[in-house]
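The values are calculated or read from the model by the stated rules, or taken from the named source; none is laboratory data. Computed from a predicted model, the values in this text were never measured in an experiment. Here the Cβ positions follow ideal geometry from the backbone for every residue, glycine too, while neighbour counts run over all protein chains shown. For the accessible areas, the whole protein counts, side chains as well, though only heavy atoms, and no ligand, DNA or RNA atoms are used. Shrake-Rupley method; radii C 1.70, N 1.55, O 1.52, S 1.80 Å.
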Amino acid sequence: MENKISIPKPCSENWNSMSPNKNGRFCNTCDKTVIDFTKMEKSEILKYFSQNSNNERICGHFKINQIETRESIKYDNLRNRFSRIEIKPIKAIAMFSLSLVFTLTSCMGKAVVDGEPTIISNDTINENEIKNIEQNVEIKKDSIKSEMNQIKKIK
């Protein structure tokens, strides 16, 4: 990774227990200054390393996003693998499947049950037909009433 700092064996000393000095904090265990890189920009960090690369090992305190860890390497590798996956074939298969399902389901008409009229969306009924149906209903009601009356008379 570009411009990432890798720390294979981080120091286990507590940053807060070290005594502050001009460049960071002084570590009594190592007897050296630990540079505080948390307030520096990437360019400043790179400049510091290039100017002090001839010196002995540099100890520093960093933010987690400034360094490269094993977990971040694994995450970056995984992200790169996923980014290489082509989505287009998956989209094409999904679109084909959906269109096939919609086509098959739209061709299936409603089953016609014997004795029930099929209703078509463009059917129209004029007023005469409505009046005829209403009269037939009234006649049936009257015939039922008359039958009931006849049954009552017989009893």
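Quick check on this structure: which one of LYS32, LYS39 is open to solvent by 90 Å² or more (accessible area, probe 1.4 Å) and either modelled with pLDDT of 80 or more or of a type outside the set (Asp, Glu) (or both)? On inspection, the qualifying residue turns out to be LYS39. Scanning region 1-20 for residues that are modelled with pLDDT of 85 or more and of a type outside the set (S, T, N, Q), which turns out most open to solvent (accessible area, probe 1.4 Å)? For region 1-20, the residue satisfying everything is PRO20.
Before we move on, is ILE64 modelled with pLDDT under 75, surrounded by fewer than 10 Cβ atoms within 10 Å (Cβ to Cβ) and of a type in the set (Val, Ile, Thr)? Answer is yes for this residue. Out of curiosity, is ASN55 open to solvent by 80 Å² or more (accessible area, probe 1.4 Å) and modelled with pLDDT under 75? So ASN55 passes the test.
Any residue in region 12-30 that is outside any helix (DSSP H, G or I) sitting within a Cβ distance under 7 Å of a residue that is loosely packed, with under 10 Cβ neighbours inside 10 Å? List the pairs, counting only those 6 or more apart or interchain. These pairs meet every condition: ARG25/SER19; PHE26/SER19.
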